[in-house]
1. Taking the Cα atoms only, what angle lies between the long axis of helix 258-267 and the longest principal axis of the chain, rounded to 10 degrees?
2. Tell me, what is the Rg over Rh of segment 181-313, with Rh the Kirkwood radius over Cα pairs?
3. Determine Rg/Rh for segment 1-97; Rg is computed over alpha-carbon atoms and Rh is the Kirkwood hydrodynamic estimate from the same atoms.
4. I want to check the label-to-label distance for Arg264 and Lys64. Put each point 7 Å from Cα in the C-beta direction and report it in nm to one decimal.
5. Using only the alpha-carbon atoms, how far is helix 285-296 inclined from the longest principal axis of the chain? Give it as 0 to 90 degrees, nearest 10.
6. Test of understanding: in a Gaussian network model of the chain with alpha carbons linked when under 10 Å, which of Phe349, Phe98, Phe218 would top the mean-square fluctuation ranking?
7. So what are the radius of gyration and Dmax for the Cα set of the chain, in Å?
8. Subtract the Cα-Cα distance of Asp235 and Lys181 from 0.36 nm times their separation in residues, and report this length gain in nm to one decimal.
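The values are calculated or read from the model by the stated rules, or taken from the named source; none is laboratory data. Since the structure is predicted, the reported quantities are computational estimates derived from the model, not experimental observations. Because the Cβ atoms are built from the backbone with ideal geometry, glycine has one as well, and the counts that use them run over all protein chains shown. Just so you know, the surface numbers come from the protein's heavy atoms only, side chains and all, with ligands and any DNA or RNA stripped out. Shrake-Rupley method; radii C 1.70, N 1.55, O 1.52, S 1.80 Å.
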Amino acid sequence: MKTKSKKIVLKLFLSYQRELEYLEEMALLGWFFTNIYLGIFYVFQKDEPRRMQYDIDRFNLPMKPTLEEIQHKEVFLEMAREMGWKEVAHDEGLTYYFGKEYVEGEVNELHNDEESRKYRATKFSSVLKRKSTALLPIFALLELVDLCYICWGPSLHLWWFRIFTAVYIILLGSWSYFMAKYSNWIERELSMSREEWKRSVDPRNHKTVHKLIVTVRFLSRFLGREAAKGWVLKDVTALSYHFERGENGSQIYTMDTKRLVNKRLKKGGKNYLVDHKDWLGLNNDWQIQSVKDAEKYGWSFVCALENRSIIYRGDPDQIQPLNDPKYDNSLRFASIIGGLGMAMVIGGFIGGVIGGLYSLFE
């Protein structure tokens, strides 16, 4: 009789996709996942090596669940069994692990369509988002305590308490910020199929360029050079440009803004898109109009820079200019850091000038 052995491995994963990949690699070595504790202790059973597929979901209920939410787990488990998947284990956070033997030519992903992947991703990210805000009441209380110290603390000689609350506030703020970012990252990751995820993490297929570009002319030239090398823009932040490897190196880019949308509307004899109550520029009317215009002329949406501007991509043989070509070669501000960031820069500059003049003539 063949004896089987068991082992426990301590592992910490931030990426669920990497965790599933690890479990599948262990199965190829003859170690099969059977249980998990505290999210980091993995229990494996020894057997003959074979190729396995693993996937995850979660079934925790909200405080006031609907009938659909109550029945979801039962319906999902029945569907999974019909597809050949078996429940392997679940951790204390109610992340459920499913496994099946890989079969060539069959569907080997439990969440094999975009809709189900997005639904699963939302369930995971919503839990993390709740954790990011759970400590906010404590954060507010410590801020109140800190304010009380500013008013009465010096007379009480409680300087040590001020240091304690300051450190605690920094830690709470860092935790909330990390969990909010992590939830968004997990949602993007779990919305992808396994093959999409593998392509996204393969360093040969993507890269990030850190660069400060403040004018549209330099932005267009930079993106054009990267396109010629076969890199396709996927996302933009204030100082980072994220690219994926593409097949077509002839792509060109253009940027659209509310000002340019209104110029097109005026040229066509239509009214401006103006909302005088929208002080922060959150109204999306101009973005809706921009996307319609861009699709009409053959452009594809790449990304939006918050609520300030939109970048489009297109094949030069299949697109028509969205705006006057001179705008893509202009020294206009590219609106990467936004109005608030620009106000801080200008305010800091003015403050520095005033301070310098004051010290000079004092």
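1. Long axis of 258-267 versus the principal axis of the chain: about 60 degrees.
2. Details: Rg = 16.7 Å, Rh = 16.6 Å.
With Rg and the Kirkwood Rh in hand, the quotient comes to 1.01.
3. Numbers: Rg = 15.1 Å, Rh = 14.8 Å.
That ratio is 1.02, to two decimals.
4. Taking the two extended label points, one gets 4.4 nm.
5. The answer is roughly 80 degrees.
6. Checking each option, the largest mean-square fluctuation is seen for Phe349.
7. Every Cα atom of the chain included, Rg and Dmax give 26.9, 95 Å.
8. Numbers: separation 54, 0.36 × 54 = 19.44 nm, distance 1.59 nm.
Result: 17.9 nm gained on full extension.
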